[in-house]
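Only one structure is covered here, and it is reproduced in the block below.
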Amino acid sequence: MRDIADIHERIAKAFSLSVRDEDNESPPERFVPPHQLRPISVKQTSPSGSFGGLFSRLAAWRRRKGRDPHQAETAGAAKARQIATVVHEIRTPLNGILGMTHLLAQTKLTAEQQNYLSGIRQSGHALAQLVEDLLDYSTLEAGRFRLNNRAENLRQTIESVVEMLAPRAHEKRIEIAATVAADVPDLLDFDPARIRQVLFNVIGNAVKFTSEGGVLVRVFLEEKPEGADVTIAVVDTGPGMTLEDQQKVFGEFEQAGSAETRSGGSGLGLGIASRILAEFGGSLSVASTRGSGSTFTIRFPLRLAEAAQAGLIERNRLLANSRVLLLAPQGPAAKATVATIETLGGRCRHVSGTAEAQALIDRAAAGPVPYTDLIVDHRLASDYANEKAHAPLHRILLVNPEERASQPQDFFDAWLIRPLREKSLIDVLSGRMRGFRTRDALQENVASQVELAATAPAKRSLDILLGEDDPVNALLLRATLTKAGHRVHRCDDFAALVEAVTDEVAVPDLVLSDMHMPGGELGDLFSAMRERSHTAMLPVIVLTGDSSEDLKREALRMGARMVLEKPVDPTRLLQEIEALHLFHRQQQSH
């Protein structure tokens with residue numbers, strides 16, 4: 001007689017939603033349901049066994065059904081507020097941890113200490129992601145989720161996300177790249193912050209679970225009877241997933257993979273991403289086979305920000321005069337480079353060996369259409385020994401930002417930083433950026449220059465009044481500002497801040513203050529400043545751990561020139577201070 005577990009397993013297999021695919025067929029897509037619509041897993045996690053878990057679910061359903069709807073809604077909102085409050089409190093020490101690791105990385109450390117510091121930083125960023133997931137979860141639970149759509153460039157949004165995830169990928173020795181089809185319009189109507197969040201969750205997951213190969217992001221349009229969809233396919237060469245793993249990743253607080261990879265997150269990310277896409281009228285799906293990688297597909301309806309697809313024809317012809325030979329290893333980066341060049345109207349041939357490259361260049365040179373450009377991946381630069389024969393070509397080095405300083409420059413006319421930005425590729429291939437100095441000056445990949453910019457002396461030395469009650473965050477901000485050449489006076493409560501900002505003798509150039517200082521309200525600070533002529537126009541930057549758009553708008557309405565969300569990137573903070581002070585000086589001179 002079969003035992004209960006065996007019977008349950010046979011029933012689960014009989015009612016499974018997918019069948020085993022042949023090796024040459026693509027795995028079926030499984031759609032991630034929106035938040036609170038969890039599918040039943042094949043294997044329950046209840047300690048009392050499969051049927052015990054089923055009875056527990058039934059009992060919980062009866063309790064929910066019998067509860068008064070109004071009481072349930074009130075209790076849910078109260079729980080969401082409690083989660084949000086606790087998470088905001090966690091943010092304060094977390095900001096200090098991340099900031100101090102940034103400062104510590106700029107000091108002289110041994111290789112062993114750098115390794116330990118890297119572990120701290122990775123754990124800190126994982127905790128920061130958990131904080132963001134919990135905040136979104138509480139917002140969804142309270143029913144306060146809203147979209148803020150506006151005209152935005154989707155390609156640039158995707159490029160920025162891929163660029164920010166690139167250091168994490170390069171640390172693992174894997175590639176990451178993106179390519180956008182020519183028929184995707186420049187301007188679309190969507191909420192860029194929410195789409196960026198979806199991309200971070202989905203692409204970040206792909207990077208996390210991939211240890212060999214890489215991650216390729218493909219953006220294209222899918223025509224449907226009811227209208228076109230914007231489709232973003234995130235293809236990885238990771239371990240893939242079984243049917244059971246795919247069902248696990250669909251639910252909140254569920255994760256697939258090994259214990260090591262599961263320890264890096266909450267399991268909330270995909271559930272939240274699917275809810276965001278549902279608000280857009282879209283969906284999130286996965287197709288995967290164990291041992292063959294996974295493809296997560298993001299879809300949402302195409303909504304044009306303009307009446308016509310502006311720039312489509314021009315984009316198809318931007319590189320019409322370019323015939324490019326790409327010398328690079330096989331992988332996502334090479335695929336994305338070839339696809340992007342051809343999308344922009346150019347022609348590109350990819351090879352993986354220098355001998356084959358030389359043969360193709362010689363053959364093309366003797367024909368009617370020679371190559372115009374040679375792009376060499378930095379991983380093959382040491383094998384590049386045909387510099388004299390290739391002299392007529394425009395030679396470009398393709399390099400990771402962290403590898404740039406160690407690469408030879410004598411044989412090349414320019415370089416490109418991976419992951420590629422489309423504009424940088426166009427500028428280099430069209431000849432607008434020739435030579436390393438010009439390339440550096442116009443490089444859009446800001447992430448590779450964070451450490452340099454954060455420690456470089458400021459163009460102007462400013463007197464900055466800092467309002468921050470947390471001693472660790474105050475130390476972090478003071479160190480960042482003083483390293484940049486600014487003079488900092490710190491106030492740790494509201495009364496001291498108001499007294500310092502209204503002092504007619506020592507008038508600061510700029511005020512940098514936390515949103516919530518003990519002993520007073522931000523609005524009272526602006527009222528006190530408006531009452532005195534010498535401080536009425538003084539620029540104020542407000543720092544907050546709250547991501548609420550309503551709170552930010554309220555701070556700007558009261559008089560803040562800018563609101564930055566914690567943890568603040570040191571490079572961005574210094575850039576914003578410089579730009580804001582320059583604007584303030586220009587206003588005073590008029």
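Can you pull out the residues in the range 258-288 that are farther than 18 Å from Phe200 by Cβ and modelled with pLDDT under 85?
Within the range 258-288, Ser258, Ala259, Glu260, Arg262, Ser263 meet the criteria.
Could you please find all residues in the range 344-376 being touching a His at 6+ places or on another chain (Cβ under 7 Å) and either in a strand (DSSP E or B) or not β-branched (Val, Ile, Thr) (or both)? Before the answer, list the steps.
Step one: of the range 344-376, the residues touching a His at 6+ places or on another chain (Cβ under 7 Å) are 361, 372-374.
Listed by number, the residues that qualify are Asp373, Leu374.
Out of the residues in the range 355-406 that are open to solvent by 80 Å² or more (accessible area, probe 1.4 Å) and acidic (Asp, Glu), which is modelled with the highest pLDDT?
Glu356
Taking the range 229-254 as the search range and keeping residues that are open to solvent by 50 Å² or more (accessible area, probe 1.4 Å) and modelled with pLDDT under 75, which one is nearest to Ala182 (Cα to Cα)?
Within the range 229-254, the match that is nearest to Ala182 (Cα to Cα) is Lys248.
Every residue in the range 288-300 that is open to solvent by 20 Å² or more (accessible area, probe 1.4 Å) and not in a strand (DSSP E or B), please.
Those that are open to solvent by 20 Å² or more (accessible area, probe 1.4 Å) and not in a strand (DSSP E or B): Thr289, Arg290, Gly291, Ser292.
Could you check Ser285 against (1) part of a loop (DSSP other than H, G, I, E, B); (2) farther than 20 Å from Leu374 by Cβ and say which number it fails?
The number of the failed condition is (1).
So that you can scan it fast, the table gives a plain yes or no per residue for (1) farther than 30 Å from Ala169 by Cα; (2) at pLDDT 80 or above:
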site	(1), (2)
Pro408	no, no
Phe411	no, no
Glu422	no, yes
Asn445	no, no
Val450	no, no
Ser461	yes, yes
Arg490	yes, yes
Leu497	yes, yes
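Look at the range 497-516 and say how many of its residues are open to solvent by 10 Å² or more (accessible area, probe 1.4 Å) and either of a type in the set (Asp, Glu) or within 19 Å of Gly545 (Cβ to Cβ) (or both). Spell out how you get there, then give the answer.
The initial filter retains those residues of the range 497-516 that are open to solvent by 10 Å² or more (accessible area, probe 1.4 Å), namely 498-500, 502-509, 514-516.
Add one more test, that the residue is either of a type in the set (Asp, Glu) or within 19 Å of Gly545 (Cβ to Cβ) (or both), and what stays is 499, 503-504, 509, 514-516.
Selection size over the range 497-516: 7.
Cβ-Cβ under 6 Å, sequence separation 6+ or interchain: first residue in the range 168-182 and within 17 Å of Asp377 (Cβ to Cβ), partner hydroxyl-bearing (Ser, Thr, Tyr). Which pairs?
Listed pairs, sorted by first residue: Ile174/Thr210; Thr179/Thr340.
Of all the strands (runs of 3 or more DSSP E) wholly in the range 165-228, which have at least 3 residues that are open to solvent by 30 Å² or more (accessible area, probe 1.4 Å) and within 21 Å of Ala273 (Cβ to Cβ)? Steps first, please.
Details: elements: 175-180, 187-190, 214-222.
Once the strands (runs of 3 or more DSSP E) in the range 165-228 are filtered for at least 3 residues that are open to solvent by 30 Å² or more (accessible area, probe 1.4 Å) and within 21 Å of Ala273 (Cβ to Cβ), what remains is 214-222.
The values are calculated or read from the model by the stated rules, or taken from the named source; none is laboratory data. Values in this document were obtained by computation on a predicted structure and should not be read as measured data. Here Cβ is always computed from backbone atoms with ideal geometry, including for glycine, and neighbour counts include all displayed protein chains. Each accessible area value is taken on the protein alone, full model and side chains, heavy atoms only, with ligands, DNA and RNA left out. Shrake-Rupley method; radii C 1.70, N 1.55, O 1.52, S 1.80 Å.
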